[in-house]
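The values are calculated or read from the model by the stated rules, or taken from the named source; none is laboratory data. The structure presented is a predicted model; accordingly, all values stated were derived computationally and were not measured. Positions of Cβ are generated from backbone atoms using ideal geometry, with glycine treated the same way; all protein chains shown enter the neighbour counts. Just the protein is used for accessible areas: all its heavy atoms, side chains included, with ligands, DNA and RNA removed. Shrake-Rupley method; radii C 1.70, N 1.55, O 1.52, S 1.80 Å.
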Amino acid sequence: MKKLPVRAEEALLGAMLHRPEALPSMRWIPSGTFSRPDHAALWGVLHSIDFSKVAKNEIPAAVTAAVAQIEDQGIRHTLSPSRISQLANASICPNPRNAPLYGGMVLETAIHRAVEHAGETLRDTARQAEVDLALQALEQADKTGKRLAQLEAAWKTAPETVRNLLDTAPEQQVIPVPRTERARADIQAEGETVASLLYEPRQLREVGPLQEKDFSHPQLAIAYRAMRTLDERHAPIDPLTVAWEAQRHPGPNLSDQVLAELQDAGMGGTAAYTAERVLHTAALDRLDAAGHDLRNYARHPGLAPSALFDHAEHAMQPVQEDHQRIRHAEREPELVSDKEPAPPAPSHSPELPDRQHEMEI
């Protein structure tokens, strides 16, 4: 038996063959909505015919004549007179007057298909991108966000009665199947970052965009979180204070072995570089996770379009945040370099004004 999405497309086409006068009210369904090229071609053909000048008994002949003008020979062969007659059969189209609802089903299926494709595209981008090109990869997420907005706008063009019938809330919470493994991780960069920061804590100001969630190794994430907390308090940072602070936070304790390895491997001046790699790698992994979730949401038949858009937007939020963080981090050096150089120091020291009259900048 044919799948429901294909049956909905056939029912819509059959309804239009029965009642072509309804075609002008169905323009909210573009040809690209159909999953099969022959269905899309027939939909275009139907809209190209002026049925006001065609008698009821001449509709099949008029459609056949228009199909003969299609350039693609394979599609012409598929849309044979017998195929067109079959689509008009009552077994294909139960009730031609339900055409708007059939059209809504076709559009809903197309939305699911497009969201699934968007998820696959994100995953491919995340897995193939070089780490130092993470920002460019994340721009694909912006394109995906715009595509989702376009799909949502297309759904809102459907008649309100159709959307009210189809846009039902899921009966139970929909949770995507979790990934079996991370797509990207760089444990070496994570370890070098934390070791360098432990050796030279003043580098913490140079790794501002880096967050605890960017670490894939839980022990390294704990150590980084402890150092961040100590730095915010202007407290001394050394192996003992880090271990003491780490025990106050929820989660597993920082092991003595990991801390000793970090202490032995410490090298100052490298944290900014390795931290950038950690951040970019984590961002690419979250891009893959977003694509994974989009694909799984799209494959869930219980999600009507509005619910699917809500879930997709939620899945994309971490990626959008990463895009903002990395873009801001990469702009900071530009902003510094754009500043005018300071004027040369005067040859003599002028008398300084009273400080209480100085303007605060």
Residues of region 22-32 being outside any loop (DSSP other than H, G, I, E, B) and modelled with pLDDT under 95, in sequence order, are Ser31, Gly32
Out of all the residues in region 210-226, which are in a helix (DSSP H, G or I) and either within 12 Å of Val258 (Cα to Cα) or open to solvent by 20 Å² or more (accessible area, probe 1.4 Å) (or both)?
-> Glu212, Lys213, Pro218, Gln219, Leu220, Ala221, Ile222, Ala223, Arg225
Using the structure shown, decide if Glu9 is at pLDDT 95 or above, assigned to a helix (DSSP H, G or I), touching a His at 6+ places or on another chain (Cβ under 6 Å) and surrounded by 12 or more Cβ atoms within 10 Å (Cβ to Cβ).
-> yes
Mind checking which residues of region 160-171 are open to solvent by 100 Å² or more (accessible area, probe 1.4 Å) and in a loop (DSSP other than H, G, I, E, B)?
-> Glu171
Got a number for residues in region 179-194 being touching a His at 6+ places or on another chain (Cβ under 9 Å), open to solvent by 40 Å² or more (accessible area, probe 1.4 Å) and in a helix (DSSP H, G or I)?
-> 1
Might you let me know whether region 209-220 holds any residue that is more than 36 Å from the chain's Cα centre (by Cα) and either more than 23 Å from Asp322 (Cβ to Cβ) or of a type in the set (Ser, Thr, Tyr) (or both)?
-> no
On the given criteria, is Val174 under 30 Å from Pro301 (Cβ atoms) and open to solvent by less than 20 Å² (accessible area, probe 1.4 Å)?
-> yes
List pairs: first in region 216-237 and hydroxyl-bearing (Ser, Thr, Tyr), second surrounded by 20 or more Cβ atoms within 10 Å (Cβ to Cβ) and not in a loop (DSSP other than H, G, I, E, B), Cβ under 6 Å, 6+ apart or cross-chain?
-> Tyr224/Val194; Thr229/Glu245
Conditions (1) in a helix (DSSP H, G or I); (2) free of Cβ contacts under 8 Å to residues at least 24 places away in the same chain; (3) closer than 29 Å to Gly302 by Cβ -> Gly14 fails only (2)
Flag for Leu197 being under 25 Å from Val319 (Cβ atoms), of a type outside the set (Gly, Ala, Ser) and open to solvent by less than 20 Å² (accessible area, probe 1.4 Å) = no
Failed condition for Ala40, given (1) touching a residue at least 12 places away in the same chain (Cβ under 8 Å); (2) within 35 Å of the chain's Cα centre (by Cα), with all others met?
-> (1)
Would you pick out the residues in region 229-251 that are open to solvent by 20 Å² or more (accessible area, probe 1.4 Å) and either touching a helix residue (DSSP H, G or I) at 6+ places or on another chain (Cβ under 7 Å) or of a type in the set (A, V, I, L, M, F, W, C) (or both)?
-> Thr229, Asp231, Ala235, Ile237, Pro239, Leu240, Thr241, Ala243, Trp244, His249, Gly251
Selection over region 220-241 where residues are under 11 Å from Leu197 (Cα atoms) and of a type in the set (A, V, I, L, M) yields a count of 3
Selected residue (criterion: surrounded by the fewest Cβ atoms within 10 Å (Cβ to Cβ)) from residues of region 36-59 that are modelled with pLDDT under 95 and of a type in the set (Gly, Ala, Ser) | Ser52
Residues that are open to solvent by 10 Å² or more (accessible area, probe 1.4 Å), under 15 Å from Gly208 (Cβ atoms) and acidic (Asp, Glu), drawn from region 277-333 | Glu321, Glu330, Glu332
Could you list all residues from region 257-276 that are among the polar types (S, T, N, Q) and either closer than 24 Å to Ala134 by Cβ or crowded, with 23+ Cβ neighbours inside 10 Å (or both)?
-> Thr270, Thr274
So which helices (runs of 4 or more DSSP H) are wholly in region 61-143 and hold at least 2 residues that are at pLDDT below 95 and more than 24 Å from the chain's Cα centre (by Cα)?
-> 81-87
Go through Ser349, Ser337 for me and flag whichever is more than 41 Å from the chain's Cα centre (by Cα), polar (S, T, N, Q), over 20 Å from Ala141 (Cβ atoms) and modelled with pLDDT under 75.
-> Ser349
Considering only residues that are among the polar types (S, T, N, Q) and closer than 17 Å to Ala158 by Cα, look in region 7-36 and name the one that is nearest to the chain's Cα centre (by Cα).
-> Thr33
